[in-house]
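Chemist: Okay, here's the structure, questions in a sec.
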Amino acid sequence: MLAIHRNKTLSVDDTFLALDIGGTNVTCGLVSRLGLVLATDIFKTGLRSGPEELIALIITRMKALWEQSDEDHRPKALAVGAPGWLKPKEGVVVMAPNIEGWVDIPITRIMSEALELPARLENDSNLYALGEWFGSGQGCDNEITVTLGTGVGAGLILNGRLWSGSFASAAELGHIPLGPANKRVCGCGRTGCLETVASARGMTKLAREWLEAKKSTKYRGAPDDLDTDVLRELAEKGDKMSLHVFREAGLALGQVLAGVFNLLSLERAVLGGGAAGAFKFLREPVMEVLKAHLVTARIEEIQLVKGTLGTNAPLVGAAALLTAEGF
Ligand SMILES: [Zn+2]
């Protein structure tokens, strides 16, 4: 769905193209250097015949966005956010566990040639975290942004800078193990990863387990029609299944975040992504675990907040990244 945000002038300053490839949706955007999102185009990642089909579709939609740019302010560069295992400097998606067939894709070369623009690759959760940090204007120097989507991603800001680590795989929160009691198989092939419980996909799986066990619930639809929006609506009505799912997800997330906070002395965690819509139900169990496990004298200053930018976060992050890269 293409949306042009005409309330914001298209010629405010330099512009960039941004692309966020997710397990559920692909978000394309035209964004100004200052982080104004000028146009967006969001469509389903879908199950396609292979990466070529999705890439061809992305190129078509990105070209349409380019056409929307002011001819005096054509995009200067493109930032691509992708999930999974990446080699950002080489511009290669090594493996994206939640997108069928995405193995060894030289995405920046492909996009750069198709759009005739320089391109950069960054972990999708890092772009999201940069966006929330830069765009909301309320970031603090040491924070983590967690995205609860198809998987669980995260981006770390340490001492006021994005922290990618030596191998660009920092903050792979979703694949931190919950312990031997969790036997659920993750999209990455391992067992017991956080995202088997705390991602949107993990939460719906927990709900389906509840349905299979024929426990009490207000839900009357088919198991396949469940998603976190349905669960959130049911939780508002006090549904036992939905409250159970959010509590389990929140406790698991809290357990992993407690380790991260104790390791890094963070001040804040921001929850974003589709399943963060259930923030009011996730907040309590997460804080319960943090309060029980954080080793800090200033526990009352620890913040757990809901992200403010939604699907615009990675687009704003793209502008921040490309500016930092000198474009
Ligand atoms: Zn995993």
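Chemist: Between Lys215 and Thr296, what is the FRET efficiency for a Förster distance of 45 Å, r being their Cβ-Cβ separation, to the nearest 0.05?
Modeler: Efficiency, rounded to the nearest 0.05: 0.75.
Chemist: Right, here's the next one. Work out, step by step, the length gained on full extension between Glu90 and Glu71: first 0.36 nm times the residue separation, then minus their alpha carbon distance; give nm to one decimal. It would help to have the intermediate numbers written out before the result.
Modeler: Numbers: separation 19, 0.36 × 19 = 6.84 nm, distance 3.04 nm.
Using 0.36 nm per residue and subtracting the Cα-Cα distance, I get 3.8 nm.
Chemist: Out of all Cα-Cα pairs in the chain, roughly what percent, to the nearest whole number, are more than 30 Å apart?
Modeler: When every Cα pair of the chain is considered, 34 percent fall beyond 30 Å.
Chemist: Another one. What ranking do 73-84, 44-55, 275-286 get when scored by the average of other Cβ atoms within 10 Å per residue, highest first?
Modeler: Peptide ranking by packing, descending: 73-84, 275-286, 44-55.
Chemist: Still on this structure: If you restrict to DSSP beta bridges whose two residues both lie in the chain, what percentage is antiparallel, to the nearest 5? Walk me through the intermediate numbers first.
Modeler: Numbers: 33 of 51 bridges.
Of those bridges, close to 65 percent are antiparallel.
Chemist: Moving on. Based on alpha-carbon centroids, what's the gap between the range 215-260 and the range 183-199 in Å, whole number please?
Modeler: Value for the Cα centre distance between the two parts: 17 Å.
Chemist: Still on this structure, I have one more. Using only alpha-carbon positions, what ratio does the radius of gyration of the range 21-78 give when scaled by 2.2 N^0.38 Å? Please list the in-between numbers first.
Modeler: Numbers: Rg = 12.5 Å, N = 58, 2.2 N^0.38 = 10.3 Å.
After normalising by residue count via 2.2 N^0.38 Å, the value is 1.21.
Chemist: So what are the radius of gyration and Dmax for the Cα set of the range 2-130, in Å?
Modeler: Values for the range 2-130 (Cα only, Rg and Dmax): 13.9, 40 Å.
Chemist: Need the C-alpha centroid separation for the range 26-48 versus the range 86-148, integer Å.
Modeler: 13
Chemist: Please tell me the relative contact order of the chain in percent, rounded to the nearest whole number, where contacts are Cα pairs under 8 Å and at least six residues apart.
Modeler: 19
Chemist: So what's the convex hull volume per residue for the Cα atoms of the range 106-250, in Å³?
Modeler: Measuring per residue, one finds 170 Å³ for the Cα hull of the range 106-250.
Chemist: Roughly how tilted is helix 51-68, in degrees to the nearest 10 and between 0 and 90, from the longest Cα axis of the chain?
Modeler: Computed tilt is about 60 degrees.
Chemist: What pairs from Lys89/Lys291; Lys63/Lys205; Lys87/Lys280; Lys89/Lys183; Lys205/Lys291; Lys205/Lys306 go past 31 Å between their alpha carbons?
Modeler: The pairs that break the limit, which is 31 Å between Cα atoms, are Lys89/Lys291; Lys63/Lys205; Lys87/Lys280; Lys89/Lys183.
Chemist: If you keep only loop residues by DSSP, which trypsin sites (Lys or Arg not before Pro) in the range 289-327 have at most 14 other Cβ atoms within 10 Å of their Cβ?
Modeler: Taking the range 289-327 and a limit of 14 other Cβ atoms within 10 Å, the loop trypsin sites (Lys or Arg not before Pro) found are Arg298.
Chemist: Still on this model: Roughly how many nanometres apart are two label points built 7 Å out from the Cα toward the Cβ at Ser49 and Asp225?
Modeler: Here the answer is 3.3 nm between the modelled labels.
Chemist: Additional query: Set the Förster distance to 35 Å, then compute FRET efficiency between Leu34 and Ile59 from the Cβ-Cβ distance, nearest 0.05.
Modeler: With a Förster radius of 35 Å, E is 0.85.
Chemist: How much length, in nm to one decimal, is gained on full extension between Glu325 and Glu233, taken as 0.36 nm per residue of separation minus their Cα-Cα distance?
Modeler: Answer, rounded to one decimal: 28.9 nm.
Chemist: Quick check: pseudo-label points 7 Å beyond the Cα along Cα→Cβ at Ser169 and Arg190, how many nm apart are they?
Modeler: In this crude spin-label approximation the distance works out to 0.8 nm.
Chemist: Can you pull out the trypsin sites (Lys or Arg not before Pro) in the range 190-236 whose DSSP state is coil and whose Cβ has at most 14 other Cβ atoms within 10 Å?
Modeler: Details: sites: Arg190, Arg201, Lys205, Arg208, Lys214, Lys215, Lys218, Arg220, Arg232; in loops: Arg190, Lys214, Lys215, Lys218, Arg220.
Qualifying residues, ordered by number: Arg190, Lys214, Lys215, Lys218, Arg220.
Laboratory data are not the source of any read-out in this text; all were calculated from the coordinates shown. Everything quoted here is computed from the prediction, not taken from an experiment. Glycine also receives a Cβ, built like all others from the backbone with ideal geometry; neighbour counts cover every protein chain displayed.
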